[in-house]
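The values are calculated or read from the model by the stated rules, or taken from the named source; none is laboratory data. This one's a predicted model, so the numbers in the text were calculated from it and none came from an experiment. With ideal geometry, Cβ positions are generated from the backbone for all residues, glycine too; neighbour counts draw on all protein chains shown. SASA here: full protein model, heavy atoms, side chains in, ligands and nucleic acids out. Shrake-Rupley method; radii C 1.70, N 1.55, O 1.52, S 1.80 Å.
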Amino acid sequence: MSLCTCGDVGLYKCPRCARPYCSLSCYKGPVHSQCSEAFYREQVEAELKQRSVSKEEQDKMLKLLQREQCLSSDDEEVDLAELMKDVDIKSETELWGMLTESEQQAFIKSLKSGSITTLLKPKENWWTKESLVYRPTKTRKFENLCSKEPSVNMKYLLLRVIISYVHMEMIYPHKDELLSEYWAMFSRLWDWESATIYTTAEATCIAYTDTANTAGLQEFLPIRSVFENSSKLLAHGQLAAERVCCELYKVLGKVHKISPLPKCDYTKIRKKLQYLASWSLSEHGTVLPALVLELEFYITKLGSDVRKFAEDLNKPGGEIAGKSSKPLIEELPS
């Protein structure tokens, strides 16, 4: 039976139903609509099956669907980790571009107010665990590294390094992605070029507080929390102190490969870290429990107003109690 309603003779046949038709208009006519639409659908499905979708196209569609789901589920609790587990974000710019203008403004507002931190899961630092597993290191024995008797104040230099390390670990939980920034700020907090040696834990902490304030780090993390975490780390003993020095030594090496430091500075810092690592494991490092008690006493005395306490301890003329001007370089091997 012909599909034509125009009266012409059908010269063509439908490939599906084999009914004759004379033109495209008759083929698409209402008499043949079911068959022709089914034919088009089959062709599209066959084409889609043959087409390969790239990973990038899949990720883009997944992001759009996830964003739509987030916007349409105001009354439902959305598991963000579940939504984002398969999303591959290649850059911060790409992620920022996915936000609407109002979403960008809301993010900036929460960032400035600090409310965004309530959404972040804090990192569990290794020193907060009750017991630690230590791996063997290649730290040289102190007697093989240096023949001179170390200063009795070496523990305060180590304290400064550990406080700086703890502070950076708490601010940069994923430091491998920001090694250069991590090391630049660590070097500033350690103040490794300073020739000043402190003779008490209090003086060391007060000087550190001044440096941290100058760097603007008080806005990110209460300084008392840094001291408390430093005390927890030191409470693990000599191996924990040596671990800090070894980790910093490795970071220094990675940073130097990314952006070479001046040769003189690189050599001095390496020697200081090697020296402190060896000192920590030696018999001299057995004073660390006493250092912990000293630090805990300071934290207790500190209260909540670090700045006020620091000012009260300052001597007239700007000198801080417990500070010596003896050059640091004499404390370390050449």
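Ligands, DNA and RNA left out, the accessible area of the range 126-283 computed with a 1.4 Å probe is 51% carbon and sulfur. You can think of it this way: the chain between ALA290 and ASP265 has 5.8 nm of extra reach, that is 0.36 nm per residue less the Cα-Cα gap. Per-residue surface analysis assigns ASP210 an accessible area of about 50 Å², computed on protein heavy atoms at 1.4 Å probe radius.
Note on LEU239: accessible area is roughly 80 Å² with a 1.4 Å probe, heavy atoms of protein only. The H on the amide N of THR200, modeled in the peptide plane, is under 5 Å from the matching H of no residue at least 5 residues off or on a different chain.
Sorting ARG160, ARG16 by solvent-accessible area of protein heavy atoms yields ARG16, ARG160, largest first, with a 1.4 Å probe. Model label points for GLU103 and LYS257, set 7 angstrom from Cα along the Cα-to-Cβ axis, are 3.7 nm apart. Spin-label model, ASP59 to THR128: label points 7 Å out along the Cα-to-beta-carbon direction sit 3.1 nm apart. The accessible-area ordering, largest first, of the residues VAL292, VAL152, VAL244 stands as VAL152, VAL292, VAL244, per a 1.4 angstrom probe. Only protein heavy atoms count here; under a 1.4 Å probe, TRP279 has an accessible surface of about 10 Å².
The residues of the range 175-227 expose on average 42 square angstrom of accessible surface per residue, using a 1.4 Å probe on protein heavy atoms. Of the cross-linked pairs LYS141/LYS254; LYS155/LYS263; LYS175/LYS250; LYS129/LYS250, those separated by over 18 Å at the C-alpha level are LYS141/LYS254; LYS155/LYS263; LYS129/LYS250. Across the range 143-283, Cα-Cα pairs more than 20 Å apart make up 46 percent of the total. Once the C-beta distance of ASN213 and GLU37 is scaled by a Förster radius of 45 Å, the resulting FRET efficiency is 0.05 to the nearest 0.05.
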